[in-house]
Amino acid sequence: MITELFSTTVLIGILASGIRLATPYLYAAIGETFSQKSGVLNLGVEGQMLLGCFAAFYVTFTTGSLWLGLLAAIAVGALMGLAMAFVTVNLRAQQGISGIGFYLFGLGMSDLLFQRLMGTVETVQGFPKIYIPGLSEIPGIGEIFFNQNILVYGAYLLVPLAWFVLNKTTLGLKIRAVGENPDAADSLGVNVARVRYFTIILGGILSGVAGASLSIALLNVFQQNMTSGLGFIAVALVYFGAWHPVGVLGGALLFSMVNSLQLWVQVLGIPIPSDIAVMMPYVLTILVLVATVSRVRAPSALTKPFERDE
């Protein structure tokens, strides 16, 4: 039975699924990268994803418009990011604890809204696959890379865009300066609060899009706590990728391929307990953090509130 895993059809299926399943990881982790590069740790990513997930699904379900659903997820993510920015920048709350609070809020609110507004699990017609002429017909390669929906393509295009913004623009220089030495950045005229507001709200928007990618692009359904810890894995991916978009991409692909593998293991009926298969991505998260956290250097001002000297 296990030999079926090595057949061409199954290998292509695993790779194609892995490429697709990396989508929410990428959106959420790239958003968290911007936030952490400016010195703010947002552990509320999971809650932002859940609310974005529900908003996208509910609006799509009630209006029939996928784009309105996506806009709803963006709006909810932006509002959650704005609230997180106010708490961490203006109130200077402890970032880890406030982030957990936002996670619990998102978890509870999405559950409440689901029960009040939906009641039962429904499905929607998600974003269709986009076939790229010529490339989609390439045997194997076309099925893996060029037979995906628009949110999948968007996630991968986001990686070079994020790299360019962080490393080749004035805005990126300000973000990195604020994350390394906010006092020095402030003395040079950089508005630390404004930069952090921008990155936290951007992170919230991308977390909302990550949630939308689950409910209206990958699974086309909403159910309670459907992210199942994905937001926390996205935070771990930022450490794994050493705060670089390309490193985050590598980590996202690693986790999504492991997730794809465990799904195919279950589909093929390979005699591995399903609970063990489901645990694989989370066990990998722990191993990755143990192996990488001590070897990478975080932004110097990460988790440190900034108070301007008058």
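The values are calculated or read from the model by the stated rules, or taken from the named source; none is laboratory data. Because the structure is predicted, anything quoted here is derived from the model rather than measured. No Cβ is skipped: glycine too gets one built from the backbone with ideal geometry, and neighbour counts run over all protein chains shown.
Overview of values
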read-out: Of residues in the range 242-252 being surrounded by 19 or more Cβ atoms within 10 Å (Cβ to Cβ) and within 16 Å of Thr23 (Cα to Cα), the one farthest from the chain's Cα centre (by Cα); value: Gly247
read-out: Residue in the range 130-139 that is loosely packed, with under 13 Cβ neighbours inside 10 Å, of a type in the set (Val, Ile, Thr), closer than 27 Å to Ile19 by Cβ and touching a helix residue (DSSP H, G or I) at 6+ places or on another chain (Cβ under 9 Å) present; value: no
read-out: Helices (runs of 4 or more DSSP H) wholly inside the range 87-203 containing at least 2 residues that are of a type in the set (A, V, I, L, M) and touching a Leu at 6+ places or on another chain (Cβ under 9 Å); value: 95-113, 141-145, 150-168, 170-180
read-out: Close pairs (7 angstrom Cβ cut-off, 6 or more residues apart or separate chains): under 22 Å from Gln115 (Cα atoms) in the range 216-237, modelled with pLDDT under 90 and of a type outside the set (Lys, Arg) anywhere; value: Gly229/Tyr282
read-out: Flag if Ser65 is among the small types (Gly, Ala, Ser), out of contact with any Phe, Trp or Tyr (no Cβ under 9 Å at 6 or more places or on another chain), modelled with pLDDT under 95 and farther than 16 Å from Tyr103 by Cβ; value: no
read-out: Residue satisfying condition, being touching a residue at least 12 places away in the same chain (Cβ under 8 Å) and surrounded by fewer than 24 Cβ atoms within 10 Å (Cβ to Cβ), within set Ala73, Ala55, Ala78; value: Ala78
read-out: Qualifying positions in the range 151-170 - surrounded by 14 or more Cβ atoms within 10 Å (Cβ to Cβ) and either more than 19 Å from Gly247 (Cβ to Cβ) or in contact with a Gly (Cβ under 7 Å, 6 or more places away or on another chain) (or both); value: Leu151, Val152, Tyr153, Gly154, Val165, Leu166
read-out: Tally of residues being crowded, with 24+ Cβ neighbours inside 10 Å and not in a helix (DSSP H, G or I) across the range 207-227; value: 2
read-out: Condition broken by Arg92, with the remaining ones in (1) buried (at least 24 other Cβ atoms within 10 Å of the Cβ); (2) farther than 20 Å from Leu158 by Cβ; (3) in contact with a Pro (Cβ under 7 Å, 6 or more places away or on another chain) satisfied; value: (1)
read-out: Where Gln148 falls short, out of the listed (1) at pLDDT 95 or above; (2) buried (at least 19 other Cβ atoms within 10 Å of the Cβ); value: (1)
read-out: Residues located in the range 37-52, provided they are surrounded by 24 or more Cβ atoms within 10 Å (Cβ to Cβ), assigned to a loop (DSSP other than H, G, I, E, B), of a type outside the set (Gly, Ala, Ser) and within 15 Å of the chain's Cα centre (by Cα); value: Asn42
read-out: Which listed residue, of Ala177, Ala83, Ala185, is small (Gly, Ala, Ser) and either touching a Cys at 6+ places or on another chain (Cβ under 6 Å) or under 26 Å from Cys53 (Cβ atoms) (or both); value: Ala83
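Yes/no per residue for (1) buried (at least 24 other Cβ atoms within 10 Å of the Cβ); (2) of a type outside the set (Ser, Thr, Tyr); (3) at pLDDT 95 or above; (4) touching a Ser or Thr at 6+ places or on another chain (Cβ under 9 Å):
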site: Leu5; (1), (2), (3), (4): no, yes, no, no
site: Thr8; (1), (2), (3), (4): no, no, no, no
site: Ile30; (1), (2), (3), (4): yes, yes, yes, no
site: Gly96; (1), (2), (3), (4): no, yes, no, yes
